[in-house]
1. Counting pairs of alpha carbon atoms under 8 Å apart in space and at least six apart in sequence, what relative contact order in percent does the chain give?
2. With no solvent and one equal point scatterer placed on each C-alpha of the range 107-178, evaluate the Debye formula and give log10 I(q)/I(0) for q = 0.19 Å⁻¹, two decimals.
3. Among TYR26, THR57, GLY39, whose Cα projects farthest towards the positive end of the dipole of the range 18-71, with charges put on the beta-carbon of Lys, Arg (+1) and Asp, Glu (-1)?
4. Counting only residues 5 or more places away or on other chains, whose amide H sits under 5 Å from the amide H of VAL180 once H atoms are built in the peptide plane?
5. Where the only charges are on Cβ atoms (+1 Lys, Arg; -1 Asp, Glu), what is the dipole of the range 18-71 about its Cα centre, to the nearest 20 debye?
6. Where Rh is the Kirkwood radius over the Cα pairs of the range 18-71, the temperature 10 °C and the viscosity 1.306 mPa s, what D in µm²/s does Stokes-Einstein return?
7. Size of the chain along its principal axes in angstrom, Cα-based, largest extent first?
8. Listed highest first by mean packing, meaning other Cβ atoms within 10 Å per residue, what order do 118-126, 150-158, 60-68 come in?
Amino acid sequence: MAEEHTDPTNCSTCKTSLAESGWVSYYKDNELISSVCIGCDLVEKFMEWHKSGHITTPLHLHAILSKDQIYNRIRMSGERIREEIDRFSRWVWAGGLGHLVRESNERGHRADLAADTMLVWSCAGRTAITLETTGASITLLAATDEPQGRMGLQGISATESQALRLLSVFSEAWVRREVVPKPDRNVGMF
Ligand SMILES: [Zn+2]
């Protein structure tokens with residue numbers, strides 16, 4: 001408790017100086033649990049992925065940027081997710097969501113489908129779309145003014161199959177007109 005408000009100095013795992021490496025802090029109930037260097041954090045997330053298939057944003061980014069073969073499977077997952085995002089762009093964004101966002105005076109929208117939720121937030125020419133369910137979420141980013149805009153994967157905390165399921169559930173429900181985004185002021189930066 002005493003050290004709660006002081007900056008951490010060394011990685012909890014490898015003890016390297018955090019000032020040099022940059023770090024990630026983890027909290028539980030607002031209490032600092034650990035601060036680990038970027039390298040140790042990546043290793044931890046890689047091990048977690050190896051066990052459960054859960055892909056996180058830093059891991060996904062690192063897999064894209066790195067040529068290391070150890071990340072091949074994550075890169076391939078990313079490519080399959082990428083293809084499903086392209087369908088989502090065509091069916092959902094170009095199929096009406098982009099228009100709805102451009103016409104609306106509200107920045108935030110929300111649509112629920114059983115236990116799955118779509119949160120839409122527009123600001124400064126960009127629209128972020130988060131698809132989430134218990135234990136999994138992905139965030140896509142579109143240029144608000146581009147009707148056919150290709151979307152990018154902005155964030156992920158999901159297994160490949162969870163991400164693919166969320167994308168296809170919303171794409172297919174959208175064309176059946178079952179997704180009805182409603183203005184929601186609780187939707188903010190996420
Ligand atoms: Zn470390």
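1. Working: 297 pairs, mean separation 36.8, N = 190.
Reported as a whole number, the value is 19 percent.
2. Summing over Cα pairs of the range 107-178 leads to -0.78.
3. Toward the positive end, the furthest listed residue is THR57.
4. Amide H neighbours of VAL180, under 5 Å, 5+ apart: ASP112.
5. Values: 4 positive and 7 negative charges, 43 e Å.
That gives the range 18-71 a dipole magnitude of about 200 debye.
6. Details: Rh = 12.2 Å.
After rounding, the answer is 130 µm²/s.
7. 53, 39, 30
8. 150-158, 118-126, 60-68
Any read-out appearing in this document is the output of simple, stated calculations on the displayed coordinates, not a laboratory observation. Every value quoted in this text rests on a predicted model; they were computed, and no experiment measured them. Reconstructed Cβ throughout: ideal geometry from the backbone, glycine too, with neighbour counts over all protein chains shown.
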